[in-house]
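The values are calculated or read from the model by the stated rules, or taken from the named source; none is laboratory data. These numbers were taken from a predicted model, which means no experiment stands behind them. Here the Cβ positions follow ideal geometry from the backbone for every residue, glycine too, while neighbour counts run over all protein chains shown.
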Amino acid sequence: MRQSMTLALAGAAMLAVLSGSVLADKYEGRKKCSSCHKSQGESWDTTAHAKAMESLKPKVKAAAKTKAKLDPNKDYTKDKECVGCHVDGFNREGGYTIAEPNKFLTGVGCESCHGPGSKYRGMHRKAGADFEKSKKTSPRKALADAGQDFDFEEGCNACHLNYEGSGWKGNKKPYTPFTPQVDKKYTFDFKKYVRDSKAMHEHYKLDGTYTGEPKFMYHDEFQATAKVGVKGSDD
């Protein structure tokens, strides 16, 4: 009887672990995002964020590294103190790891801003299909509840303002060496740079599948001038 109870408890514990793993927010990589959001993905490919990992390679941006007192000949692509701000989900569930680098997590991509997509990506797909079929809309709050980030300023600050004296309350080591004291171009203003399509990506018309709050602070502004994009298919 005691052995049966022990096995039952062990089984319940294992189920809880497996369930937690399934339900955890997990990074999936931009390939799955851009399979539907094709135009956004192609636009992102041309941005500075897409090339973020390239800047860690030897002899790339040598002058900037020298100015920041880094070794321009060193390969920083395996330096755990640097990589986190140049990839998606560093050392988090499903995210980029140095031991097993994933090219679809390299660079500051979709999930660095919008959050790990394991829970909400499928919701987008289903809601989109429902909207195409019957014009049925879905509440945007459901996406937020599933982990989609509609206010990602803190995520940007975590890399761009992570130096002593920046005024950002979340400062912690390892600090970025690229500060305004090194060069004024590293002065970071979220409200300015989130509008920069050379850093982020071009914006494209959304079809209206989702309604209500929360919305990104510049959602309406961006949609007012957004281009008509090309949709992909979720294969």
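Annotations for the structure displayed:
- Selection from the range 190-230 of residues that are closer than 20 Å to A52 by Cα, touching a residue at least 40 places away in the same chain (Cβ under 8 Å) and of a type in the set (D, E): E202
- When we screen D75, D71, D130, D79 for residues that are out of contact with any helix residue (DSSP H, G or I) (no Cβ under 9 Å at 6 or more places or on another chain), surrounded by fewer than 18 Cβ atoms within 10 Å (Cβ to Cβ) and acidic (D, E), the only hit is D130.
- Hits in the range 22-46 - residues which are closer than 18 Å to D149 by Cβ, part of a loop (DSSP other than H, G, I, E, B), modelled with pLDDT of 95 or more and of a type outside the set (D, E, K, R): Y27, G29
- Selection of first residues in the range 146-161 that are farther than 14 Å from D88 by Cβ and of second residues that are surrounded by fewer than 17 Cβ atoms within 10 Å (Cβ to Cβ) and basic (K, R), restricted to Cβ pairs under 8 Å at least 6 apart or on distinct chains, gives the following pairs, ordered by first then second residue: F150/K215.
- Per-region count, the range 47-68, residues in a loop (DSSP other than H, G, I, E, B), free of Cβ contacts under 8 Å to residues at least 40 places away in the same chain and in contact with a helix residue (DSSP H, G or I) (Cβ under 7 Å, 6 or more places away or on another chain): 2
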